[in-house]
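Just so it is clear, none of the values below were taken in a lab; they were calculated from the coordinates. Being a predicted model, the structure only gives us computed values, none of them experimental. Here the Cβ positions follow ideal geometry from the backbone for every residue, glycine too, while neighbour counts run over all protein chains shown.
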Amino acid sequence: MNLADIKSVYFVGAGGIGMSALVRYFLSIGKFVAGYDRTPSELTEQLIAEGAAIHYEENIDLIPPMCLDKEATLVVLTPAVPNEHAELCYFKENGYTIQKRAQVLGTITHASKGFCVAGTHGKTTTSTMTAHLLHQSHVGCTAFLGGISKNYGTNLLLSKDSPYTVIEADEFDRSFHWLSPYMSVITSTDPDHLDIYGTEEAYLQSFEKYTTLIQPGGCLIMRKGISLKPQVQAGVKVYTYSKEEGDFHAENIRIGNGEIQIDFVAPHCTIKDIKLGVPVSINIENGVAAMALAYLNGVTPEEIKRGMESFRGVDRRFDFKLKNEKVVFLSDYAHHPSEIKQSVMSIRELYAERKITAIFQPHLYSRTRDFYKEFADSLSLLDEVILLDIYPARELPIPGVDSELIYNHLRPGIEKTLCKKEEILDVVKNKHIEVLITLGAGDIDNYVPAIEKILAAR
């Protein structure tokens, strides 16, 4: 389907962070946009205010008349929606063009130079950093982000002039195979989504397949040490990066007084005294990858320095909500054992002398089944853990799989609590809190404002 021929776009699952960027894109180019989402959220209400016709009941009668012309309507599907969804079944039975988010992104970016950031974790922050570095420079970009940029209050950046498009490349159900990157960062390949892939080997093979899609003349910037043997085409250059080694890395790292400064080392260039706008150690490595993309595409050293210092982060990515002498509270999207470990270690580095408590909402029964020991190991780095029930997302319960699996494998002696999410506010009220972080990709974020209010009143 040619995008120029489309008059209406219908989203089956409009409220996801990645899908909402597409909603905003199609609204920006004058298309009629409608869709379904399971529950209201701040984001869906914002989309409605911006012009999207979104409803929350699975009902084909609520599909707007503008979306009933199958020849002029594109249906965009999120993998989180089950195959038996009534509206999705209607569109399938009536011969509509149905595409996944990544297919649409592939179409949109076909005529541009795509900077795609892939990996098990780190991709949202790295892609948002990249977009900010480009956007605030003379180079510019369009960007479809996997989180809300705190600099811009949106997950979509638009440019009429720049040939570059920044995309978060999602490996879930192999969606990133629809993309054709000009340049790509791969941050990590720790096994995930084994409910889809089956084995760690299949997961890794999917990333290897992804590397074959990078366009000749472009490049791959791969984190040094990951378990990946890239299969790039002839004419694609491969670079490595990491925090302290590789073609791109940081040196002269200075951490103190709530600030982080680094020197950025690139082939044939060193940019000194770069200050991180979000001073957590995990952002050193994320920043190196983002700066590598920016550097290779003409962003000047002065623009890189200015952009890194002015970067304000991403909602739910090491997102400070409250910081005073009594209590620190932050929200983080980490939902994989490796991500949780990195977040906890970054917090520990900042607040070495304080008690650190986490509220963790496991995401998916299958991920909990596959990694409950690893989750327990990562969470055991904390002083206290409050465990909520599993957020099911797209899954039905698996017998014998619940949060207690993680709870029972936490280190001996750790303070720990098991509770339902509806009980969390009462639990927080009765806890001694010094540093608190919420972790998880489910709906724990809905409770963050109320938790912040409780803690601010102390």
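Here are the numbers for this structure:
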| quantity | calculated |
| --- | --- |
| Positive-end residue, the range 261-418 charge dipole about Cα centroid, Cβ charges, pick of 337, 371, 286 | 286 |
| HN-Hα J in Hz across the range 349-364 - Karplus 6.51, -1.76, 1.60, θ = phi - 60°, x for Gly and Pro | 5, 6, 10, 4, 9, 10, 6, 10, 10, 10, 9, 10, 10, x, 10, 5 |
| 5 angstrom amide H check on residue 249, placed H, neighbours 5+ away | 265 |
| GluC sites (Glu not before Pro) lying in DSSP loop within the range 1-78, provided at most 10 other Cβ fall within 10 Å | 57 |
| Cβ-based exposure ranking for 199, 124, 44, in which fewest neighbours within 10 Å come first | 199, 44, 124 |
| Net +/- balance of residues flanking residue 137 in space, Cβ distance below 10 Å, scoring K and R +1, D and E -1 | -1 |
| Signed unit charges on C-beta, dipole axis of the chain, positive-most listed residue 350, 146, 419 | 350 |
| Dipole magnitude (debye, nearest 20) for the chain, charges at Cβ of Lys, Arg, Asp, Glu | 920 debye |
| Neighbourhood charge, 13 Å Cβ-Cβ cut-off, centred on residue 355 and excluding it, Lys, Arg +1 and Asp, Glu -1 | -1 |
| Least to most buried among 161, 402 (fewest other Cβ within 10 Å first) | 161, 402 |
| Local net charge near residue 180, Cβ-Cβ under 13 Å (Lys/Arg +1, Asp/Glu -1) | +2 |
| Sparse-neighbour loop sites [chymotrypsin sites (Phe, Trp or Tyr not before Pro); the range 340-408; at most 16 other C-beta within 10 Å; DSSP] | 351 |
| Spatially proximal lysines relative to residue 113 (Cα-Cα < 19 Å; intrachain offsets below 8 disregarded) | 123, 160, 237 |
| Whichever lysines have a C-alpha closer than 21 Å to that of residue 70, once near sequence neighbours (fewer than 8 apart) are set aside | 7, 31, 92, 100 |
| Residues 403, 41 arranged by fewest to most Cβ contacts within 10 Å | 41, 403 |
